[in-house]
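Data block below; observations after.
The values are calculated or read from the model by the stated rules, or taken from the named source; none is laboratory data. None of these values were measured; they are calculated from a predicted model. Counting neighbours? That spans all protein chains shown, and the Cβs are built from the backbone with ideal geometry, glycine included. Surface areas here come from the heavy atoms of the whole protein model, side chains and all, with no ligands, DNA or RNA. Shrake-Rupley method; radii C 1.70, N 1.55, O 1.52, S 1.80 Å.
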Amino acid sequence: MPELPEVETIRRHLAPHVEGRTLDALEVSDERWSRPLAPAELAAAVDGRRIEALARRGKYLIWELEDDVHLMVHLRMTGTLLLDPPETPRFARVRFALGDGHELWFDDPRRFGTGELALGGEARDAFFASRLGVEPLGPDFTSAHLYALTRASRAPIKAFLLDQRKVAGVGNIYADEALFRARIHPLRPAARLTRTQVAALRDAIVVSLEAGLDAKGASIDDYRQPDGVQGSFQHRFLIHLREGEPCLVCGRPVRKLRAAGRGTYVCERCQPRPRTAQAAARNSARRPARSAAASS
Ligand SMILES: [Zn+2]
């Protein structure tokens, strides 16, 4: 799934092509995309409006249209936006007609992508307030802020980082990369991290996201830039998808485990397992022997 660096790369690519133009027509061929609005209702709200800015919040791309109308687009699993492709994309679901023959296509084989409407800045802010937490490349993402957020959590740190209501835009790739850089095990409880660990993690998140941006995103599945070109961050992963390969710091083979339901990559020498989890694993291993002894 595209994460913050991928969506921001798309935004930076598209902005000079769309800002100041008019969105002549939004043609939605799959009603799932525009739910709860029907395609015609969404089109009626946006068609013919000037595109004032293309913004981003978390993994959302925001079309800021004239008269304070906002279209919030989410790529989800497999969505891509292709500008003036040579032919109609195979899984085309939406066409943005931009005038002078320019067009942008939303291509999406899995069909989880969405386009949602907000009429007015207040409606837009309310939409994001219930869905997204702090913007990690913004000025509010301080280690003090992150420390306060972790205190209120019962989740392991990997699950915490994937929760968009805590930190917006971080997904599976950048969570793994940041935890490795900060030398924190993904199963460590967020609330147990020390101030020093949280400060290291805050910096590691920023550095990992910026590295992804520098590489114009990671193309491990469907992600492409709007000109169809892949990103290159997948060639620069420190830990993600490197199962069995030597850790770049200590040489120990990288392990794959599951955390928050996602394949998670870790070096358990550089990122030691939390002691509580080790103890829990030992206890659960012992329990059958004990109950056998009790029943005899
Ligand atoms: Zn290591």
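Of the residues making up region 77-97, those that are surrounded by 19 or more Cβ atoms within 10 Å (Cβ to Cβ) and of a type in the set (Val, Ile, Thr) are Thr80, Val94. Taken as a whole, region 224-232 holds no residue that is within 16 Å of the ligand (Cβ to nearest atom), at pLDDT 95 or above and surrounded by 12 or more Cβ atoms within 10 Å (Cβ to Cβ).
Out of curiosity, is Phe237 within 16 Å of the ligand (Cβ to nearest atom) and either in contact with a His (Cβ under 9 Å, 6 or more places away or on another chain) or open to solvent by less than 30 Å² (accessible area, probe 1.4 Å) (or both)?
Working: within 16 Å of the ligand (Cβ to nearest atom): yes; either in contact with a His (Cβ under 9 Å, 6 or more places away or on another chain) or open to solvent by less than 30 Å² (accessible area, probe 1.4 Å) (or both): yes.
So Phe237 fits the description; yes.
Here is the figure for region 240-256: residues that are within 9 Å of the ligand (Cβ to nearest atom) and touching a Lys or Arg at 6+ places or on another chain (Cβ under 8 Å) total 5.
Across region 164-196, the qualifying residues are those that are of a type in the set (S, T, N, Q) and touching a residue at least 60 places away in the same chain (Cβ under 8 Å), and the one among them that is most open to solvent (accessible area, probe 1.4 Å) is Gln164.
Checked against (1) assigned to a strand (DSSP E or B); (2) open to solvent by 10 Å² or more (accessible area, probe 1.4 Å); (3) of a type in the set (Val, Ile, Thr), Val73 passes all but a single condition, namely (2).
Could you list all residues from region 117-169 that are of a type in the set (Val, Ile, Thr) and in a loop (DSSP other than H, G, I, E, B)?
Narrowing region 117-169 to residues of a type in the set (Val, Ile, Thr): 134, 142, 150, 157, 167.
Hit for region 117-169 is Thr142, nothing else.
Have a look at Asp47, Asp68, Asp100, Asp125 and point out the one that is surrounded by fewer than 19 Cβ atoms within 10 Å (Cβ to Cβ) and modelled with pLDDT under 95. None of the others qualify; the one that does is Asp100.
May I ask you to say which residue of Ala215, Ala260 is away from the ligand (no atom under 16 Å from the Cβ), open to solvent by less than 70 Å² (accessible area, probe 1.4 Å) and under 28 Å from His102 (Cα atoms)? Break it down stepwise before answering.
Values: Ala260 fails: under 28 Å from His102 (Cα atoms).
Answer to the check: Ala215.
A single entry from Ile205, Ile220 fulfils the requirement of being more than 16 Å from the ligand (Cβ to nearest atom) and part of a helix (DSSP H, G or I): Ile205.
Of all the residues that make up region 263-285, how many are at pLDDT below 90, open to solvent by less than 70 Å² (accessible area, probe 1.4 Å) and either within 16 Å of the ligand (Cβ to nearest atom) or of a type in the set (A, V, I, L, M) (or both)? Full working, then the answer.
First, pick out the residues of region 263-285 that are at pLDDT below 90: 275-285.
Subsequent filtering for residues that are open to solvent by less than 70 Å² (accessible area, probe 1.4 Å) retains 277, 279-281, 283-284.
Checking the rest, the ones that are also either within 16 Å of the ligand (Cβ to nearest atom) or of a type in the set (A, V, I, L, M) (or both) come to 277, 279-281.
The number of residues fulfilling the criteria is 4.
Among the residues of region 14-44 satisfying the criterion of being assigned to a strand (DSSP E or B) and within 20 Å of Thr80 (Cα to Cα), which is most open to solvent (accessible area, probe 1.4 Å)? This residue is Glu27. Checking each residue of region 177-192 against the condition of being in contact with a Gly (Cβ under 9 Å, 6 or more places away or on another chain), within 16 Å of the ligand (Cβ to nearest atom) and part of a helix (DSSP H, G or I) gives at least one match.
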